[in-house]
1. Would you pick out the residues in region 182-198 that are over 16 Å from the mean Cα position of the chain (by Cα) and at negative phi?
2. Out of 124, 119, report the one residue that is under 28 Å from residue 219 (Cα atoms), free of Cβ contacts under 8 Å to residues at least 60 places away in the same chain and out of contact with any Pro (no Cβ under 6 Å at 6 or more places or on another chain).
3. Can you spot a residue in region 115-122 that is part of a loop (DSSP other than H, G, I, E, B) and β-branched (Val, Ile, Thr)?
4. For the structure I just gave you, tell me whether residue 201 is within 16 Å of the chain's Cα centre (by Cα) and either at pLDDT 95 or above or not hydroxyl-bearing (Ser, Thr, Tyr) (or both).
5. List pairs: first residue in region 92-111 and among the acidic types (Asp, Glu), second residue at pLDDT 95 or above anywhere in the structure, Cβ distance under 6 angstrom, at least six positions apart or on different chains.
6. Here is a list: 180, 190. Which entry is farther than 19 Å from residue 251 by Cβ and in contact with a helix residue (DSSP H, G or I) (Cβ under 8 Å, 6 or more places away or on another chain)?
7. I need the full set of residues from region 125-137 which are within 16 Å of residue 97 (Cβ to Cβ) and buried (at least 20 other Cβ atoms within 10 Å of the Cβ), in order please.
Amino acid sequence: MKLTVLGSGTSVPHPSRTSAAFFLETSGGSLLIDCAPTAPSRMAAEGCDWAGLDAVWISHFHADHATGLAPLLFAMKHAKETRDRTHSLRIFGGSGLRRFIETMDDAGGYRMLEQHFPVEVIEVEPYIEFYPINGATANAIPVPHRTESLALHIRDASSTLVYTGDTGFHKPLSAFANSVDLFVLECSFVKDKAVDRHLELAEAMYLVRSSRPKRAMLTHLYPEWDAVDLKQEAARYEPPCEIIEAVDGLRVEF
């Protein structure tokens with residue numbers, strides 16, 4: 001697997017961090033993990049094949065994670081890069097996903113789901129396996145952020161990844177991410193977090209220490225992280241693996 005960080009930040013404007021999005025490539029296809037408003041342009045900037053994208057995962061419906069579906073589907077409907085596309089686009093997420101997309105569509109009147117290729121909207125049941133792209137199996141568990149919020153576990157023949165999306169502290173994530181090749185978890189705040197339904201560093205590092213992945217990546221970083229050396233601070237917790245600071249444009253193979 002190869003993961004490209006498209007957006008490592010939040011809804012707060014930042015000169016070098018855009019909102020949440022990751023481009024995952026496997027031997028069987030490609031998956032966009034979360035779709036911030038900036039995600040379509042970031043895919044183009046990083047040379048990711050947005051026109052050939054196989055599937056999208058939406059962790060929850062907050063604007064900085066999901067509203068990029070509107071420009072993405074508009075582009076797929078009208079851009080020359082997709083004129084010859086025939087294979088389906090599959091969009092996965094929690095309960096209410098179709099209603100969320102249709103509500104955005106009604107506001108603009110674009111008929112985004114009416115494409116010249118099949119578009120499938122699939123609302124995932126927690127704990128039930130599904131198959132987002134060829135050769136990959138996934139499942140999801142609820143996390144405490146919004147009612148539809150789900151963490152994703154995806155695996156193929158050689159690699160495993162867990163992505164938390166936005167979440168508060170949730171001990172079941174330790175077992176969910178146990179021994180995975182790459183654990184991508186939010187770490188919104190350094191300490192003294194302003195809201196319960198996000199993580200600060202001590203909580204994120206507890207999950208890393210208890211899940212013991214091969215590598216961990218901290219993302220969804222608010223601007224307060226600019227004044228802190230993330231790796232140095234993380235090292236104080238004696239992590240069992242390499243800690244990666246998510247940075248827009250970073251590529252990780254695993």
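1. We begin by selecting, within region 182-198, every residue over 16 Å from the mean Cα position of the chain (by Cα); these are 189-197.
Residues satisfying the conditions are 189, 190, 191, 193, 194, 195, 196, 197.
2. Just a single option satisfies the conditions, and that option is 124.
3. No, region 115-122 contains no residue that is part of a loop (DSSP other than H, G, I, E, B) and β-branched (Val, Ile, Thr).
4. Numbers: within 16 Å of the chain's Cα centre (by Cα): no; either at pLDDT 95 or above or not hydroxyl-bearing (Ser, Thr, Tyr) (or both): yes.
No.
5. Hits for this filter: 105/112.
6. Working: 180 fails: farther than 19 Å from residue 251 by Cβ.
Just one listed residue meets the conditions, 190.
7. 132
So that you can scan it fast, the table gives a plain yes or no per residue for (1) crowded, with 22+ Cβ neighbours inside 10 Å; (2) within 14 Å of residue 34 (Cα to Cα):
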position	(1), (2)
54	no, yes
59	yes, yes
63	no, yes
68	yes, yes
74	no, no
78	no, no
84	no, no
88	no, no
102	no, no
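The values are calculated or read from the model by the stated rules, or taken from the named source; none is laboratory data. Predicted, not measured: the structure shown is a model, and the values here were computed from it. We place every Cβ from the backbone using ideal geometry, glycine too, and count neighbours over all the protein chains shown.
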